[in-house]
Amino acid sequence: MTDFNAQLAVELAALRKADLLRELRRVESPAGTRACLGGRELLNFSSNDYLGLANHPALKEAAVCAAKKFGAGAGASRLVCGSLAVHHELEEALAAFKGAEAALTFSTGHAAALGAITALLDRGDLLILDKLVHACIVDAAKLSGAKLRVFRHNDLNDLEAKLKWAAKQRSAVSGQRPARTLIITESVFSMDGDLAPLRDLVELKERFGAWLMVDEAHATGLFGKRRSGLVEEFGLTGRVEIQMATLGKAVGAAGGAISGSRNLIDLLVNRARSFIFSTAPVPAAAAAASAGLKVIESSEGEARRERLWLLVEQLKRVLIEASFPPPAVRAPIIPVAMGAEARAMRFAESLRKAGVFVPAIRYPTVARGAARLRFTVSAEHTAEDLAALAKALGGIANG
Ligand SMILES: *Cc1c(COP(=O)(O)O)cnc(C)c1O
């Protein structure tokens, strides 16, 4: 045991020295625009609860009712005896919301990516990822055993080059079924807040006979007439083979989801190991997610989204005026480039002292030397909150 702990201590010390050590901060308050940390109340610009639903009365009520009716736990995996009515109701609502034939939910978005990608691809198949996709997609890619290529972020010329490579590989293999080529991108990128050029991407993949999976973790609830995501906003619903969503961000609950054709969902039920070999999500989570979708689809959901976009513009103005210029994003994720990890940590610390909580995002979430402050807004923020942020930023010049 002494050697065990000594070795880990060396590794932890190295992380600290590189300004890459991560520590949990204990929060004593519910999700919201205020976070109670270490006995202090901070203004929170760090959450992915974009529409302010995580602490919404309708979601909490739904969670409580489901716990009373179905219990605290689901008791087993969905394929054993855990496939409760609340899970089916959520999946029916999700399929309708996403404009898909069917949907399947997982305990997390991470599990959804792992399950779906490894169910669809094997050794001999070809997988092409945008450089900036989320870690769970990278993990799934490795686990699948598929041959992997990465294209430069949002660069369609580079994607085309990778598709040509895949076409060559594909003609060379002779398996039991034709080799598959799957492209995966996010629609709104989680750490950059920029959007994928989905229309052109769909045209390109169709030209090459490839399949497309779009991770809408940060777009679900925010884009499109029905607010189901960027795939809907761009009118591509029937042309994207695999749509992925998370239920823990704008939807306000927890979980991950895949939607698409009936055959896709039936196959996942049979092949997605993170679904099959895992206890079903607790009834409260499924019911809260259903309630979250209901709010999003209602006029209240539209009002919250409108308010969110208004706040996004106001936040950008605050950052520009404080000489922390943000990129031209159209998302509630506004990254301010810091470069060195130590610099990002220093600014985040100064902001905390000034009463504002903003995370310093560092390697391995983003590339080394590309650290940033990641500001996010929620529909629950007020003009006063932004004024307080402006004041805090004013006190710590961006030198
Ligand atoms: C958060 C996130 C996930 C993982 O979802 P969880 O439900 O938090 O596990 C997947 N993809 C992207 C882009 C994300 O931001």
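The values are calculated or read from the model by the stated rules, or taken from the named source; none is laboratory data. Values in this document were obtained by computation on a predicted structure and should not be read as measured data. Note that each Cβ is placed from the backbone with ideal geometry, even for glycine, and that neighbours are counted across all protein chains shown. Side chains are part of the model used for accessible areas, which takes the heavy atoms of the whole protein and leaves out ligands, DNA and RNA. Shrake-Rupley method; radii C 1.70, N 1.55, O 1.52, S 1.80 Å.
General remarks:
- Looking across region 199-227 at every residue that is in a loop (DSSP other than H, G, I, E, B) and within 16 Å of the ligand (Cβ to nearest atom), the one that is surrounded by the most Cβ atoms within 10 Å (Cβ to Cβ) is identified as 220.
- Any hit, region 46-57, residues being open to solvent by 80 Å² or more (accessible area, probe 1.4 Å), part of a loop (DSSP other than H, G, I, E, B) and touching a residue at least 12 places away in the same chain (Cβ under 8 Å): no
- Subset of region 188-198 that is among the aliphatic types (A, V, I, L, M) and open to solvent by 10 Å² or more (accessible area, probe 1.4 Å) - its residue that is farthest from residue 264 (Cα to Cα): 191
- Enumeration of residues in region 230-256 that are assigned to a loop (DSSP other than H, G, I, E, B) and of a type in the set (A, V, I, L, M): 236, 240, 247, 250, 251, 253, 254
- Residue selected from region 270-279 under the condition surrounded by fewer than 20 Cβ atoms within 10 Å (Cβ to Cβ) and in a helix (DSSP H, G or I), by the criterion farthest from the ligand (Cβ to nearest atom): 270
- Annotation note: Cβ proximity below 8 Å between a residue of region 98-111 that is over 16 Å from residue 260 (Cβ atoms) and a residue that is open to solvent by 50 Å² or more (accessible area, probe 1.4 Å) and away from the ligand (no atom under 11 Å from the Cβ) (sequence gap 6+ or interchain) occurs for 107/279.
- Residue within region 238-253 that is at pLDDT 95 or above, within 12 Å of the ligand (Cβ to nearest atom) and surrounded by fewer than 24 Cβ atoms within 10 Å (Cβ to Cβ) present: yes
- Among residues that are among the hydrophobic types (A, V, I, L, M, F, W, C), assigned by TED's automatic domain parsing to the domain that holds residue 108 and either farther than 20 Å from residue 144 by Cα or open to solvent by less than 10 Å² (accessible area, probe 1.4 Å) (or both), residue 267 is not included.
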